[in-house]
1. Condition test on P399, is it at pLDDT below 95 and touching a strand residue (DSSP E or B) at 6+ places or on another chain (Cβ under 7 Å)?
2. From the list A181, A162, A146, A199, which one is closer than 23 Å to L280 by Cβ, surrounded by 13 or more Cβ atoms within 10 Å (Cβ to Cβ), in contact (Cβ under 8 Å) with a residue 24 or more places away in the chain and not hydroxyl-bearing (S, T, Y)?
3. Taking region 397-440 as the search range and keeping residues that are within 9 Å of L470 (Cβ to Cβ) and under 19 Å from the mean Cα position of the chain (by Cα), which one is surrounded by the fewest Cβ atoms within 10 Å (Cβ to Cβ)?
4. So R394 fits all but one of (1) modelled with pLDDT of 95 or more; (2) more than 23 Å from the chain's Cα centre (by Cα); (3) closer than 15 Å to F471 by Cα; what number is the exception?
5. What helices (runs of 4 or more DSSP H), lying completely within region 236-342, carry at least 2 residues that are surrounded by 14 or more Cβ atoms within 10 Å (Cβ to Cβ)?
6. Looking at region 10-33, is at least one residue at pLDDT below 95, assigned to a helix (DSSP H, G or I), farther than 15 Å from H408 by Cβ and within 13 Å of the ligand (Cβ to nearest atom)?
7. Filter region 202-232 down to the residues that are among the hydrophobic types (A, V, I, L, M, F, W, C) and either within 12 Å of the ligand (Cβ to nearest atom) or in a helix (DSSP H, G or I) (or both) and list them by number.
8. Between I80, I95, which is surrounded by fewer than 23 Cβ atoms within 10 Å (Cβ to Cβ), farther than 30 Å from Q274 by Cβ and not charged (D, E, K, R)?
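The values are calculated or read from the model by the stated rules, or taken from the named source; none is laboratory data. Just so you know, these numbers come straight off a predicted model, no measurement behind them. Note that each Cβ is placed from the backbone with ideal geometry, even for glycine, and that neighbours are counted across all protein chains shown.
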Amino acid sequence: MADAVRDLYSQRRYPALSHPETHPGVIAAAARCGGVTAPALPESCKLLEVGCASGHNLLPLAARFPESTFVGIDFSDTAIRRARGHAEALGLDNITFEHADLHEWRPASEDFDYLIAHGMLSWVADATKVALLELVQGSLAPDGIACIGYNTLPGWSLRQEAAAMVKALPDLGGDLDTTLATLAEAASHGGTPYTAHLAAIYEDMRRKGPDILPFDELGPVCDPLHFGQVIQWTGQHGLRYLGESTLSGNLPPEIAPEALEKLQPLAGDPVRFQQTVDLLSGRTHRTSLFCRSGLSLDTKTTSSVTLHFAARLLVRPLPEKAVHGEIIEHFHAALNAAWPSSQAVAGLMEQCARRLGPRWDPARGAKTVADWLYQAARLGWVELRTDPIETATRPSSRPTLSPLNLRHARDREALVDGFHRSCGFPDRHWRVVGALDGGHTIDDLRALAATEAPELDLEPWLQHLAARGLFIQQ
Ligand SMILES: C[S@@+](CC[C@H](N)C(=O)[O-])C[C@H]1O[C@@H](n2cnc3c(N)ncnc32)[C@H](O)[C@@H]1O
């Protein structure tokens, strides 16, 4: 099976993707909430990515954090050559890509503050799963944090059957998309929750499309795992679970607050609690954080840690009942005014204090904001991270992508936005994207769009890209 995985990656190019939940600024905030007292900051850390493919996830980090060191390993020769080509062209001397099999590769020393293994554990043969966990164990610094993504059971189980059926079926009258569309359509007539679920799975597989499916549902290995199984394996490799890489990941949106109350008796057994949450929510994926079992954690961690982070609204507007009381009203107004940037909570609180004048009581104000922020992050209303991110609401007169994103645009590969999210475009838009090089005025871009992509509404499009932090500040 290991060879089938190797064959796949030597024959086909894995799509270029970045994963915001693996950003060290996001991980550091979640790890601090999980009790790690002083996680390394992204501005000065050492980070290893195992299975880094062509470096799409690592390169923007290396460009943004020049004082940090990044290492990526992958056994795909073509992917590593591509990654090295980008690093050399951009003059990034803080990143190294190694062409290596994780079964054999070992770092010079156990001192990585972060280790990312995204798209690995569920997608490699069992012997490689073990080798991966051994590598994590042998690479992490004493207070390092590993971020491991995998597909989960029982949420993935029907998808597993649905995918097996697609693999086993002769073509239902054409290509893969036609097969999936036919199955989705057939299921949708059933009118039961089961058939609706199945139809939604096939529609989701259509959305992933032929670029991703051969590596995921239709790959040679796609093993969803029970959370309890992952905890057992990682425990055997000296690793301890800290929580998910985002606070909202600990509490899937499908779990209602009333359900949580019913689960209170499980509060003392986090693994069974999380396993129950997986069952109730039907979640299909986790990005979990681990530290070494011996690391001493701050068991008295409170919501006050959020005051040291940067925050950004993810839901606008928030439900009315979410914003209650004078302090939160002012704090929320400051957050809203800062959007789309992610701003230091301390600065937002200062604005709040100014607005409230003598009615601001520092101790009570800080506690109220911290408690609210923690809950808002758990509910997915707010993103917390350690690194503030300044973005513009409008483009400049000559919108300019970063040199790395200009290379991606040239190759028609997804750009990576200021929040580390992948940003793809329809084929017709790429020439306009490629012209976002600082050499073209808005009028030039309008003329280009008129011929290349007449349906493109240029100004709102540029504003959207600006809000995603895609333009460098000049
Ligand atoms: C599903 S892709 C994930 C890529 C990237 N981490 C992501 O999530 O977008 C898996 C990657 O792991 C690499 N890989 C698989 N088995 C490996 C092994 N034994 N040693 C090194 N790399 C491996 C593949 O070449 C491929 O680039």
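1. Details: at pLDDT below 95: no; touching a strand residue (DSSP E or B) at 6+ places or on another chain (Cβ under 7 Å): yes.
When the stated conditions are applied, P399 does not pass them.
2. None of the other options fit; the residue is A162.
3. C423
4. (1)
5. Ranges flagged: 270-281, 326-338.
6. Yes - at least one qualifying residue is present in region 10-33.
7. Step one: filter region 202-232 for residues among the hydrophobic types (A, V, I, L, M, F, W, C), giving 205, 212-213, 215, 218, 221-222, 225, 227, 230-231.
Within region 202-232, M205, I212, L213, F215, V221, C222, F227, V230, I231 meet the criteria.
8. When all the criteria are applied, what remains is I80.
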